[in-house]
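A short worksheet on the structure shown next.
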Amino acid sequence: MNILEEDFYHSGNQITEKYSILGNCISRNTFFIVRHKLIQLGVNDPERYLYKLYLQNWNIRISDGMDRVLECSVDENFNWKKIVDKTTEKIFENNPDDAIEYITKKLHNNQILLITANASDIVFHVSGHLDKNAKEQDDRKIRFLIIKENNENFYFVYTYSLCNKKKYTHYEKNESVGILSKNEFRNMFKKFVSIFTVDELQQVQVDEKECMQNVFSDILNDIVETNIGKKYVGIEAIKYIKTLTEQQKLILLNKENYNKKFEFYKVDCEKIRLSIVWSINRKKHFIQLAQELSIDNVEQIQYFNYLLKETISKWYLFSDVIKYKFYKSEDTLEDQMCIIKDVIQSEQKLNKYIETNFERLINLYTEEKK
């Protein structure tokens, strides 16, 4: 297939949930890069194969950080990394000509490139080229793909909702692919650009059952011992939040109190909400994969999906509470114990079902349907 016609987003340029649940912009874009490599190698149904390898455990992890600020995260142990053998990252600072030459050379070798650049320098980004006199410049990094070139232009893939519509022109046969002149890219890369490539795949076929077994085993973990202390995982993480709240020892950090000193434990509202989003997306991934594999009509999967959706709804409610508290500058969850308990109960039901149907679930997700 012509790479310009590959499926990156659905019509209208909005990223589909099928891809958005694969994680952040790095993991999502890497999915497209590795998928293209698998297509080149002639792997049968590379999208479905890779989609399985992107499954991850959904547990939130919480640990005691510096100054009693709780660290919130989710696991980033991707199974797809097992098939990647060699990657390259090249950084260019104040050297746009060499950057353009390097990109062109890589594209001639049929590689897709993951680009990291300053958001304020990218003309097709919503905040691109802000007024130099503006008080607030967008110094964040953004990531997008460059997938092909001709004598004058590069073809790129970027999330449409973040595009400056006045500067975005799409390829006539695929609205997901933008076109911009190399001269524009040269101007955008004057200060900084990082170019990442997957050069070689080492192990195209991996043991899917082993990968799935590891994912479900990780989901059932509760506490991880580290050199610097305990990490509370999954149900134990939310139980830890519950315990600290009941003991009146947990403060929600917001814009009003962020720099204040407290004797108690503190948690960054935005960080815990982001962790909840990633966790929810990973549950949605299992639901989406069941549809892709046409096993969503199997009784065990139907009930598994029901439990997943139930926990997702509870976590959404908890996330909304934290968002409300943040904007209202309220710093405690003491009046929301019932919601926390609901999250715990729904997770306990889900984990119990996984324990009881461990092998059956693994087989359903990994066996080819006849």
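The values are calculated or read from the model by the stated rules, or taken from the named source; none is laboratory data. Since we're looking at a predicted model, the values are computed, not measured. Please note: Cβ atoms are built from the backbone with ideal geometry, for glycine as well, and neighbour counts cover all protein chains shown.
Scanning the range 41-76 for residues that are free of Cβ contacts under 8 Å to residues at least 40 places away in the same chain and small (Gly, Ala, Ser) yields GLY42, GLY65.
With respect to the stated conditions, GLU310 is acidic (Asp, Glu), surrounded by 14 or more Cβ atoms within 10 Å (Cβ to Cβ) and touching a residue at least 12 places away in the same chain (Cβ under 8 Å).
The single residue among GLU270, GLU292 that is among the acidic types (Asp, Glu), over 19 Å from ILE60 (Cα atoms) and surrounded by fewer than 20 Cβ atoms within 10 Å (Cβ to Cβ) turns out to be GLU292. Kindly establish whether ILE272 is over 23 Å from the mean Cα position of the chain (by Cα) and in a helix (DSSP H, G or I). Here the answer is no, as ILE272 does not meet what is asked. Only residues that are more than 18 Å from ILE3 (Cβ to Cβ), polar (S, T, N, Q) and buried (at least 19 other Cβ atoms within 10 Å of the Cβ): list them for the range 14-50, please. Across the range 14-50, there are no qualifying residues. Taking the range 141-184 as the range and being buried (at least 18 other Cβ atoms within 10 Å of the Cβ) and touching a Lys or Arg at 6+ places or on another chain (Cβ under 7 Å) as the test, the residues that pass are ASN153, PHE154, TYR155.
The residues of the range 331-346 that are in contact (Cβ under 8 Å) with a residue 60 or more places away in the chain, among the charged types (D, E, K, R) and buried (at least 16 other Cβ atoms within 10 Å of the Cβ) amount to a single one, ASP331. Within the range 332-370, the set of residues being more than 28 Å from the chain's Cα centre (by Cα) and outside any helix (DSSP H, G or I) comprises THR332, LYS369, LYS370. Within the range 196-236, the set of residues being of a type in the set (D, E, K, R), over 28 Å from VAL43 (Cα atoms), modelled with pLDDT of 75 or more and not in a helix (DSSP H, G or I) comprises ASP222, LYS230, LYS231. Summed over the range 177-195, the residues that are in contact with an Asp or Glu (Cβ under 9 Å, 6 or more places away or on another chain), closer than 15 Å to ARG143 by Cα and either small (Gly, Ala, Ser) or assigned to a strand (DSSP E or B) (or both) give a count of 5.
Only residues that are among the acidic types (Asp, Glu) and at pLDDT 95 or above were counted across the range 94-140, and they come to 3. For the condition under 27 Å from PHE156 (Cα atoms) and either surrounded by fewer than 16 Cβ atoms within 10 Å (Cβ to Cβ) or in contact with a Phe, Trp or Tyr (Cβ under 6 Å, 6 or more places away or on another chain) (or both), THR88 qualifies. Looking at LYS284, LYS314, LYS369, just one residue is at pLDDT 90 or above, in contact with a Leu (Cβ under 9 Å, 6 or more places away or on another chain) and among the basic types (Lys, Arg), and that residue is LYS284. Every condition in (1) closer than 30 Å to TYR365 by Cβ; (2) in contact (Cβ under 8 Å) with a residue 60 or more places away in the chain; (3) more than 17 Å from the chain's Cα centre (by Cα) is met by LEU317 except one, and the failing one is (2).
Confirm whether GLN56 is loosely packed, with under 14 Cβ neighbours inside 10 Å and at pLDDT 85 or above. The answer is no for GLN56. Please work out which residue is modelled with the lowest pLDDT, limiting yourself to the range 151-165 and to residues that are polar (S, T, N, Q), touching a strand residue (DSSP E or B) at 6+ places or on another chain (Cβ under 9 Å) and in a loop (DSSP other than H, G, I, E, B). Top of the filtered list is ASN164. Among the residues of the range 278-328, the ones that are charged (D, E, K, R) and not in a helix (DSSP H, G or I) come to 2 in all.
Mind checking which residues of the range 295-305 are exposed (fewer than 14 other Cβ atoms within 10 Å of the Cβ) and not acidic (Asp, Glu)? The answer is ASN297, GLN302, TYR303. Look at PHE318 and say whether it is aromatic (Phe, Trp, Tyr), under 23 Å from GLU256 (Cβ atoms) and surrounded by 13 or more Cβ atoms within 10 Å (Cβ to Cβ). Answer is yes for this residue.
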